[in-house]
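> Input: one structure, supplied below.
Readers should treat all values here as calculations from the given coordinates under stated rules, not as data from a laboratory. What you see is a predicted model, and the numbers here were worked out from it, not measured in a lab. Here the Cβ is made from the backbone with ideal geometry for all residues, glycine too, and neighbour counts use every protein chain on show.
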Amino acid sequence: MKKLGLFALPLLVAGCGLSGTDAPTRPYTITIEPLGYRVTGTTARIITITSATINLYSAAGAPDVSSIDYTAIILNSKGDRAALDNSVIVPATGTLLGRARGGYVCTNTSLPSASCSMSRPDAIMTNTGPLQWIENSITKFVMPFEWAVAHDSAFSGVNVPGEDPAGWYAQFTFTANQTNGRTVTWKQNYQIVSPAGS
């Protein structure tokens with residue numbers, strides 16, 4: 001029965017006009033570089049959260065989004081919720097991006113790019129990146145200060161015995177609120193970086 005199901009799936013996908021590598025796994029991908037912090041000082045450690053560059057990549061034909069919200073948890077090298085003093089580190093929540101563009105471009109370059117929309121007759125579906133739409137790229141502080149303290153404490157062995165902080169990462173659950181009224185949810189992982197850049 002399993003073999004029949006695996007055989008029927010390509011037929012179903014091919015019937016929808018999608019096949020092989022052009023079948024999207026999700027409509028959006030987000031990069032966060034870097035997700036981290038810096039530490040200065042030796043006797044008194046000063047932790048500074050670094051800003052991250054966030055880019056939204058839209059698959060071809062993906063709708064515009066009105067906002068992207070997230071819930072994020074920090075996981076240790078074993079994939080378990082990271083803890084400090086035996087207390088699980090609190091999740092982070094918020095809005096990552098406001099309005100962002102989907103997977104299309106307009107071929108009429110004589111019109112301003114702000115007037116481009118999927119409904120224009122010159123719109124073509126394409127995999128656009130942050131260089132195409134300025135709205136799809138921002139710089140902001142994403143890493144919670146509590147996460148940086150816990151990660152730094154694990155590196156120094158304070159209150160986190162036996163942890164391997166080099167393998168800690170954040171798992172983000174994103175929810176894109178599309179302009180067509182639908183929502184799309186997916187997960188992505190990001191390595192915690194220390195020391196991170198400015």
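> At residue 145 and residue 77, where each label point lies 7 Å from the Cα along Cα→Cβ, what is the point-to-point distance in nanometres?
That separation, rounded to one decimal, is 2.9 nm.
> Hey, another quick one. Near the amide H of residue 51, under 5 Å away, which other amide H atoms are found, from residues 5 or more places off or on another chain, if H is placed in the peptide plane?
For residue 51, no residues qualify.
> Which percent of the Cα-Cα distances in region 28-191 go past 26 Å? Kindly include the intermediate steps, with their values, before the conclusion.
Numbers: 5189 of 13366 pairs.
Result: 39 percent of Cα pairs exceed 26 Å.
> If each of residue 39 and residue 26 carries a label point 7 Å out from its Cα toward its Cβ, how far apart are those two points in nm?
Result for the modelled spin labels: 3.1 nm.
> Once amide H atoms are built 1.01 Å from N in the peptide plane, which residues 5 or more positions from residue 168, or in another chain, come under 5 Å H to H?
Here the answer is 77, since their amide H atoms fall under 5 Å of that of residue 168.
> To continue, here is another question. I need to check one value: relative contact order of region 28-191, counting alpha carbon pairs closer than 8 Å and at least 6 residues apart, in percent.
Details: 353 pairs, mean separation 48.5, N = 164.
Normalised by residue count, the contact order of region 28-191 is 30 percent.
> Return the whole-Å distance between the Cα centroid of region 75-104 and the Cα centroid of region 31-70.
Here the two parts' Cα centres lie 11 Å apart.
> Something else: Taking amide hydrogens as modeled 1.01 Å from N in the peptide plane, which residues meet the under 5 Å criterion relative to residue 118, leaving out close sequence neighbours?
none
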